[in-house]
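A short write-up of the structure that comes next.
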Amino acid sequence: MSFDWSKFEHVTKVDPAKRLPESIDVLRHTDAVIVGGSDGVTEENSLAVFERLRAEFPDLPLVQEPYRSAHVSKRTVEVADAVFVPAVYNGDKTNFVEKHVGFFTELARKSEDVTGSGLPFVGSVLASKGRELVAELADGVVGEGYVVQNPDSKVAGLTNVEEHYTPEQIAGAALATESFYGFPIFYIEYSGRYGGPEDVSAAAPFLDETALLYGGGIGSRAQTDEILDAGADAVVVGDCFHEDTERFLETVPTT
Ligand code: 1GP
């Protein structure tokens, strides 16, 4: 599924390791859901969230954002519309190169699983099936150029973020995302803290094709509006959904 970001302004990040609110009906007001978190995520708890969301909101776009390839399986790929894989610019090499090569190594291995039956006659048929399967799985994987700007967040610790980017570096990362790496998404992550519009304003002029997402500490419509006005395509709201669904509703833009 390709995302037409002109249709998405409000995205909810649901952490499968956290309890869902008693009623998740408020998700009728969000444009898409990303399932992912930084701690305690498993394939099982991710699947449980996907299955509940799919049952209650059949038309809501659902995305998996894993931090390990172990969270992704044929079943999660089948139930999700896409898999977003962060490429953390200001993290360590594990979080830019190693994890990605590892992830695609796992996908390629799935073709071995199909072709490794030891049946010589049907081998070539199976081999082509295996390649089709890998192509299908890889097709749904979307890279996100990602900058982690809250050094106290769990995600900053996990990705070994050492450097807080200046607005000039944010602009450079945005430009590199679109013109060099070609990722369709640039994500400014302040997880747990509202970072304000400055980074978004720095990135936006350098992105035409690439969607600009901001996440972190959004808890009011005024903050959503401030980030969208600064040039983000969408805000991502996480904690607020788990903590207070009334307040969550107030983060949804009126238009
Ligand atoms: C976290 O960007 C998201 O990955 C949302 O952040 O939980 O602070 O809303 P919050």
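Contact annotation: residue pairs with Cβ atoms under 9 Å, 6 or more positions apart or on different chains, pairing a residue in the range 39-54 that is on the phi > 0 side of the Ramachandran plot with a partner that is crowded, with 21+ Cβ neighbours inside 10 Å, are 40/15; 40/16.
Any residue at all in the range 171-194 that is surrounded by fewer than 20 Cβ atoms within 10 Å (Cβ to Cβ), of a type in the set (A, V, I, L, M) and either within 18 Å of the chain's Cα centre (by Cα) or within 20 Å of residue 82 (Cα to Cα) (or both)? Looking for residues that are surrounded by fewer than 20 Cβ atoms within 10 Å (Cβ to Cβ), of a type in the set (A, V, I, L, M) and either within 18 Å of the chain's Cα centre (by Cα) or within 20 Å of residue 82 (Cα to Cα) (or both), one finds none in the range 171-194, hence no. Suppose we keep only residues that are in a loop (DSSP other than H, G, I, E, B) and within 16 Å of the ligand (Cβ to nearest atom) within the range 146-163. Which one would you say is nearest to residue 232 (Cα to Cα)? Result: 149.
Please work out if residue 2 is surrounded by fewer than 16 Cβ atoms within 10 Å (Cβ to Cβ), of a type in the set (Gly, Ala, Ser) and in contact with a Ser or Thr (Cβ under 9 Å, 6 or more places away or on another chain). No; evaluated as a whole, the condition is false for this residue. Scanning the range 144-155 for residues that are at pLDDT below 95 and closer than 22 Å to residue 181 by Cβ yields one hit, 155.
Consider the range 1-20 and keep the residues that are away from the ligand (no atom under 14 Å from the Cβ), in a loop (DSSP other than H, G, I, E, B) and more than 15 Å from residue 248 (Cα to Cα). The one that is farthest from the chain's Cα centre (by Cα) is 19. Each residue in the range 164-193 was checked for being within 11 Å of the ligand (Cβ to nearest atom) and not hydroxyl-bearing (Ser, Thr, Tyr), and 4 of them qualify.
Picking from residues in the range 195-242 that are within 14 Å of the ligand (Cβ to nearest atom) and of a type in the set (S, T, N, Q), the one that is surrounded by the fewest Cβ atoms within 10 Å (Cβ to Cβ) is 220. In the range 144-169, the residues that are at positive phi form Cβ pairs under 7 Å with partners that are of a type in the set (Asp, Glu) and surrounded by 13 or more Cβ atoms within 10 Å (Cβ to Cβ), at six or more places apart or across chains, as follows: 160/92.
The values are calculated or read from the model by the stated rules, or taken from the named source; none is laboratory data. Only a predicted model underlies this, so the values are computations on that prediction, with no experimental measurement involved. Using ideal geometry, Cβ is built from the backbone for each residue, glycine included, and neighbour counts are taken over all protein chains shown.
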